[in-house]
Amino acid sequence: MGLVLRGGTVVTALETYPADVRIDGEQIGMIAQHIEPTAADQVLDVTGKYLLPGGIDAHTHFDLPFGDMSTADDFESGSRSAVMGGTTTVIDFATQFRGEPLTEALENWHDKARGKSYCDYGFHMAISDWKQGMTAQMEELVRKSGVTSFKLYMAYKGSMQVDDGVLFDVLRKSGEMGALVCLHCENGDVVNLLVQEARAQGRTAPSTHPLTRPPAVEEEAVARAIALANMAKAPLYIVHLSTRGALETAERARKQGACVYIETCPQYLLLDDRRYEGESFESAKYVISPPLRSPEHGEALWEGIRRGAVDTIATDHCSFNFQGQKSLGRNDFSKIPNGMPGVEHRLGLLYSAGVVPGKISLNQFVSLTATRPAQLFGIFPRKGTIAVGSDADIVLWDPQATKVIGKENHHCHVDYEPYEGFSQTGLPVHVFLRGRQIVRDGKLLDSAPGGRYLFRKPLK
Ligand code: URP
Ligand code: ZN
């Protein structure tokens, strides 16, 4: 027995066309102008809806420990929030802590996600404690565990930050294996110095946070990272790029032959540094790294997206409650846990602010939110497109439906909503994960989490 989705419009990264789509088991079995159902088939009328490939958010931090607490969202609440917004795959950052072998860190993340995720999931491996000989563990992760991307931080001195030697070593090994290094580009030494100076001057409010991480901190790190990746003959994926200068540097390097991929996030497109104005502690809700920028950076990023310079839009969903978590930094901005939620609203925000006003096409929207992340992270064409043989991860998108985003209607476990009051046009009404309907008429179906681990392929 199959399910025929009748009368909708299929959208891929390349095409938009009216078609019926037949789901057979977990996959898409047929796409045609008209599909005649068999007696055993079910038919769902989806007239007026877009059929989008399930969204892929390649940057989440679910159940991430921070000091003696963890992010507000674990895999259950984070993935629930994801599917309610039309994202059916996340690639989360499994994170190695001091003294841990990478393989142990991976097992740890499997334990966090197993049986709890409503969406399919893969893992990048974030390396914080590099030791000679760990290249063998990288190899094991790529070949035997399906982890084909690694994350390094050039910031967070004293915890996650690695030096240029480690960065070069990991890049070189990744390049050899066809793995991809995801890089947090901020000069952590400079940030650390600026933070110490600000504290010594008695500056405690969250408004100080962006002053310790000016645009040049990102721009310098991006230029250095590209130079190192070139030396290592490795591709590079820059996470959450936030500045005009860094974008221009990356584009210039590409023209000279560098293999650089760029991710940005809705917060750098739709929010700006006015959220830090004044001395109110409310600004702690927006203490993220890199920080929100002045509007001209957002405009430059939109322009970059429009001309195809940006590969992916992810969220960096790393949620902390305002009460009890962000509030740890009430007397010292540098103690505010960095990060904010967003996994639920990525598609809706980008559709509303990008597609509706004509800044980007529907096909670019699909490319940025599903197809490119699938290609770069080794799950295409299984994920990231609507094609015969692909997983039936399908979002039925109602382009007319509207809502106002707010804490009262989001599905993550966070006590505030950074996009509170934003109007959204376009909503996921039905969501299918591998052929199984998990959202119907905008409501999560009462079923156990059915997400599976994704074993990914290297780039070569
Ligand atoms: O502020 C942020 N972005 N926190 C999450 C960790 C990271 O830097 O990606
Ligand atoms: Zn992150």
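Derivation of every value follows stated rules applied to the coordinates shown; laboratory data play no part. What you are looking at is a predicted structure, and each value in this text was computed from that prediction instead of being measured. When we count neighbours, we look across all protein chains shown, and the Cβ atoms used for this are built from the backbone with ideal geometry, even at glycine.
Each 10 Å bin, from zero up to the one with the longest distance, holds this percent of the alpha carbon pairs of the stretch 147-278: 12, 40, 32, 13, 2.
Under 5 Å from the amide H of GLN27 lie the amide H atoms of ALA392, each residue being 5 or more positions distant or on a separate chain, with H modelled from the backbone and absent for Pro and chain starts.
Dimensions of the chain along the principal axes, based on C-alpha atoms and rounded to the nearest Å, stand at 74, 48, 42, largest first. Ranked by the mean number of other Cβ atoms within 10 Å of their residues, highest first, the peptides 293-304, 77-88 come out as 77-88, 293-304. With θ taken as phi - 60° and the Karplus curve 6.51 cos²θ - 1.76 cosθ + 1.60 applied, the whole-hertz 3J(HN,Hα) list for the stretch 201-215 is 7, x, 8, 10, 6, x, 4, 6, 3, x, 5, 8, 9, x, x Hz, x standing for glycine and proline. Each DSSP beta bridge with both residues in the stretch 60-376 is either parallel or antiparallel, and the antiparallel ones are about 5%.
For the stretch 60-376, compute the number of Lys pairs whose alpha carbons are separated by less than 24 Å, excluding pairs fewer than 8 positions apart on the same chain. Summing the qualifying lysine pairs gives 24. Between the stretch 72-113 and the stretch 396-460, the C-alpha centres lie 17 angstrom from each other.
The distance from the alpha carbon centre of the stretch 153-215 to that of the stretch 218-276 is 14 Å, rounded to a whole number.
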